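The values are calculated or read from the model by the stated rules, or taken from the named source; none is laboratory data. What you are looking at is a predicted structure, and each value in this text was computed from that prediction instead of being measured. Here the Cβ positions follow ideal geometry from the backbone for every residue, glycine too, while neighbour counts run over all protein chains shown. Protein only, heavy atoms only, side chains kept; ligands, DNA and RNA dropped before computing areas. Shrake-Rupley method; radii C 1.70, N 1.55, O 1.52, S 1.80 Å.
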Amino acid sequence: GIQVEQSPPDLILQEGANSTLRCNFSDSVNNLQWFHQNPWGQLINLFYIPSGTKQNGRLSATTVATERYSLLYISSSQTTDSGVYFCAVVASGTYKYIFGTGTRLKVLA
Amino acid sequence: GAVVSQHPSRVICKSGTSVKIECRSLDFQATTMFWYRQFPKQSLMLMATSNEGSKATYEQGVEKDKFLINHASLTLSTLTVTSAHPEDSSFYICSVPGRSGGLETQYFGPGTRLLVL
């Protein structure tokens, strides 16, 4: 089955810093989403981005489907950005979400 | 987007007991729901697909007799962990497929933390 790897696995930032999170996937996909899991476990949808670039406030994402990767950019990080970031993909020909390994982010005040 | 609830939010039980977790789609009907499991500091793993009016579809390695799924109505799916053991302690999350902005997505419940003593 499709493999979804995220890097880095852990990231510590000072408040105000910028960061880039990466998601690599091993096969073609129909869908790709980025999620933020807050400390209480709730998954919050950030972007639906099977291809192209999107921006929402301090967050933006880019997916290059032909090269099988997606990037999530966080600018001017805040302590509330702390948590785990997951990308999830739906492989072509399936309907199931496969979650990546996650990036655990901690933003220090 | 859709609103998905889960009950209970957390449960502690003794080894050998059964625990039922409910997943409700509050504002639209869902013929399909998904159940995930997340162990501490790990990713979400799809356990099974719950189908209204028919049997659930389980992922490889998930025991269907241990994790009973019932999708009795278009707004409710239940996951019963039978004869729970400490290794079943985990965070269980359900999701409901939908559409947002014309695109397919999934809406996730808040999760249920299970601790088996």
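Before moving on, here are some points about what is shown:
- Within-13-Å neighbourhood charge of residue A:89 [Cβ basis; K, R +1; D, E -1]: -1
- Partners for residue B:20 among lysines (Cα-Cα distance below 22 Å; same-chain residues under 8 apart left out): B:55, B:64, B:66
- Relative contact order %, chain A, counting alpha carbon pairs below 8 Å whose residues are six or more apart: 37 percent
- Taking all protein chains as they are arranged and a probe of 1.4 Å, the heavy atoms of residue A:84 leave approximately 20 Å² accessible to solvent.
- Remark: accessible surface ordering of A:98, A:12 (largest first) is A:12, A:98, probe radius 1.4 Å.
- Scattering profile of the protein assembly as shown at q = 0.10, 0.13, 0.17 Å⁻¹ [log10 I(q)/I(0), Debye over alpha-carbon scatterers]: -0.46, -0.77, -1.25
- Taking a Cβ cut-off of under 15 Å around residue A:12, the surrounding Lys, Arg, Asp and Glu residues balance to a net charge of -1, with basic ones at +1 and acidic ones at -1.
- Listed by chain and number, the lysines whose alpha-carbon sits under 17 Å from that of residue B:41, ignoring those within fewer than 8 places in the same chain, are A:106.
- Working note: Debye formula, equal point scatterers on the alpha-carbon atoms of chain A, no solvent; log10 I(q)/I(0) at q = 0.11, 0.18, 0.20 Å⁻¹ is -0.31, -0.81, -0.99.
- Exposure ranking of B:58, B:36, A:48 by accessible area [1.4 Å probe, largest first]: B:58, A:48, B:36
- When the GluC sites (Glu not before Pro) in region A:1-100 are filtered for DSSP coil states and for at most 16 other beta-carbon atoms within 10 Å of their beta-carbon, the remaining sites are A:15.
- Within the assembled protein chains, the solvent-accessible surface assigned to residue B:66 is about 30 Å², based on a 1.4 Å probe.
- Three-way shape label, region B:19-66, alpha-carbon gyration tensor, a/c 1.5: oblate
- Computed log₁₀ I(q)/I(0) - Debye formula, equal Cα scatterers, no solvent, region B:31-93, q 0.18, 0.22, 0.25 Å⁻¹: -0.62, -0.90, -1.12
- Distant-in-sequence amide contacts of residue A:31, defined by a placed amide H-H separation under 5 Å and a gap of 5 or more residues or a different chain, comprise A:90.
- Listed residue (B:115, B:25, B:76) projecting farthest to the positive dipole end of chain B, Cβ model: B:115
- Unmatched cysteines, chain B - criterion: no other Cβ of a Cys under 4.7 angstrom: B:13
- Protein-only accessible surface order, largest first, of B:68, A:32, A:46, B:26 at 1.4 Å: B:26, B:68, A:46, A:32
- Counting Lys and Arg as +1 and Asp and Glu as -1 over every other residue whose Cβ lies under 11 Å from the Cβ of residue A:70, the net charge comes to +2.
- Amide H contacts of residue B:98: B:105, B:106, B:107, each under 5 Å away and 5 or more positions distant or on a separate chain (H built 1.01 Å from N in the peptide plane; Pro and chain starts excluded).
- Along region B:91-100 the Karplus relation, 6.51 cos²θ - 1.76 cosθ + 1.60 evaluated at θ = phi - 60°, assigns HN-Hα couplings of 9, 9, 10, 10, 9, 10, x, x, 10, 9 Hz to successive residues, with x for each Gly and Pro.
- 3J(HN,Hα) couplings calculated from phi for region B:72-80 with the Karplus curve 6.51 cos²θ - 1.76 cosθ + 1.60 (θ = phi - 60°) are, in sequence order, 6, 9, 6, 10, 9, 10, 10, 10, 10 Hz; Gly and Pro show x.
- Residue A:22 contributes an accessible area of around 80 Å² to the protein surface, as traced by a 1.4 Å probe with all chains present.
- Here's the picture: a label point sits 7 Å out from the Cα of residue A:108 along the beta-carbon direction, and within region A:1-17 the residues with their amide nitrogen under 16 Å of it are A:10-17.
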